[in-house]
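For reference, the structure is listed below as structure tokens.
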Amino acid sequence: MAYSLITRKRLGFLACIVMLPLILGLAGCKGLEMANAGQNESPRLARTLESYEQAGKYWGKKLWAQGTKPTSPLDMSFVHALIDPNNLDYFKVHSDLKEAFKKGFRLGYEDRIADLVLGPHIRKAAAEIGEYTSRNFVDVITAFEEGWACTLKNAVDIFIVLISEGSLADREDFINAFTVIYRQKYDATQEILRSGSWMTQTSEGGTVLYLDYSKGRALGALDIPSPQSLKTEIYHQTFKVMGDEWGRRYKTNLIKRDELIDLLRRTKPALKDVPGNNLGIIYAAFVESFGPDGKEVFIDLIGEAGYDHKPKALKLDKGKAGRGRGK
């Protein structure tokens with residue numbers, strides 16, 4: 001029974017790892033193209049002077065016919081056409097095409113104020129692209145944060161089972177396998193950060209872009225925690241969740257006293273696996289979730305479990321004692 005539970009949790013852990021790159025990919029450069037394109041699936045406008053001049057005439061005539069003035073509300077269909085990669089894609093085409101489009105627009109609008117009508121639409125299109133771009137940056141960061149939290153949560157879920165039902169060998173196998181993979185990425189990232197290396201991307205026009213990995217620069221956020229720090233964090237988060245769940249379950253009689261004492265005995269070896277006030281973490285979380293008399297109850301329980309010392313007082317941030325377990 002313990003094996004099947006551990007296996008299910010491992011599958012959840014691996015699924016979260018597998019899905020994170022996919023989420024990040026969708027939120028990145030492709031996400032920007034998708035946002036710009038919207039729902040438009042029309043054939044791509046030919047990138048020729050003639051086609052752009054004709055497109056300019058079309059939009060000039062349309063806005064003239066509907067009585068659009070410099071002070072009128074913007075025609076958002078025109079704004080979206082300026083953005084759409086399959087339509088005008090105004091900000092990505094070269095200057096000759098832009099000029100051809102402006103020429104056609106002036107001819108189609110039939111008034112000397114054509115540029116005063118066109119200008120606000122171009123500015124609005126630029127603002128829309130700025131919003132898309134900002135949203136995509138936020139989406140990438142959010143996907144990373146949520147993916148990291150999801151992966152850590154699944155690791156904690158597994159670790160609770162390994163501590164309460166497994167052995168030291170089980171925990172070591174998990175951590176060692178985890179560390180081998182994570183350290184490869186960590187070491188590679190640290191080498192990039194130390195060397196001040198650059199990541200290159202080629203723009204649509206063929207220009208090479210150099211993105212600085214140095215701390216405080218464009219991609220300095222990739223300074224991820226060390227394997228040892230992450231290992232310690234997994235343990236500490238696990239101890240928080242265990243203390244929180246034990247306090248709530250014992251308070252509501254969902255776990256018997258002798259069962260909880262047995263869990264505390266099994267947990268004792270794991271407290272020595274990483275540095276820190278580990279029993280204090282469990283203690284603080286237990287007291288917070290148990291409520292009044294929690295301190296006395298916990299001290300009595302660990303005494304029965306064979307602990308020969310009282311935990312040191314530890315201040316626990318409210319709301320962080322493993323509430324992510326959905327209980």
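The values are calculated or read from the model by the stated rules, or taken from the named source; none is laboratory data. Model, not experiment: these values are computed from the prediction. So basically every Cβ, Gly included, is an ideal-geometry build from the backbone, and we count neighbours across all protein chains shown. Quick note on the areas: whole protein, heavy atoms, side chains included, nothing else; ligands and nucleic acids left out. Shrake-Rupley method; radii C 1.70, N 1.55, O 1.52, S 1.80 Å.
Across region 52-67, a minimum of one residue is classified as out of contact with any Leu (no Cβ under 6 Å at 6 or more places or on another chain) and outside any helix (DSSP H, G or I). Take residue 149 and tell me if it is part of a helix (DSSP H, G or I), in contact with a helix residue (DSSP H, G or I) (Cβ under 8 Å, 6 or more places away or on another chain) and over 30 Å from residue 270 (Cα atoms). When the stated conditions are applied, residue 149 does not pass them. When 55, 127, 27 are screened for being open to solvent by less than 30 Å² (accessible area, probe 1.4 Å) and modelled with pLDDT of 95 or more, only 55 passes. When 73, 43 are checked against the criterion of being assigned to a loop (DSSP other than H, G, I, E, B), modelled with pLDDT of 95 or more, open to solvent by 90 Å² or more (accessible area, probe 1.4 Å) and more than 30 Å from residue 143 (Cα to Cα), a single residue qualifies: 73. Here region 86-95 is the region considered, the condition is being in a loop (DSSP other than H, G, I, E, B) and open to solvent by 20 Å² or more (accessible area, probe 1.4 Å), and the residue that is nearest to residue 43 (Cα to Cα) is 86. In region 96-110, the residues that are under 14 Å from residue 47 (Cβ atoms) and assigned to a helix (DSSP H, G or I) reach residues that are open to solvent by less than 50 Å² (accessible area, probe 1.4 Å) and aromatic (Phe, Trp, Tyr) with C-beta atoms within less than 7 angstrom, at least six apart or across chains, in these pairs: 97/52; 98/90; 100/52; 101/52.
Can residue 118 be described as open to solvent by 30 Å² or more (accessible area, probe 1.4 Å) and either closer than 30 Å to residue 61 by Cα or in a helix (DSSP H, G or I) (or both)? Judged against the criteria, residue 118 is not a match. Could we say that residue 101 is buried (at least 18 other Cβ atoms within 10 Å of the Cβ) and either in contact with a helix residue (DSSP H, G or I) (Cβ under 7 Å, 6 or more places away or on another chain) or not assigned by the TED database to the domain that holds residue 60 (or both) here? Considered against the rule, which asks whether it is buried (at least 18 other Cβ atoms within 10 Å of the Cβ) and either in contact with a helix residue (DSSP H, G or I) (Cβ under 7 Å, 6 or more places away or on another chain) or not assigned by the TED database to the domain that holds residue 60 (or both), residue 101 comes out as yes. Here is the figure for region 280-303: residues that are surrounded by 14 or more Cβ atoms within 10 Å (Cβ to Cβ), touching a residue at least 40 places away in the same chain (Cβ under 8 Å) and of a type outside the set (Phe, Trp, Tyr) total 10.
Screening the candidates 157, 139 for the property of being assigned to a helix (DSSP H, G or I), touching a residue at least 12 places away in the same chain (Cβ under 8 Å), charged (D, E, K, R) and under 29 Å from residue 266 (Cα atoms) yields one hit, 157.
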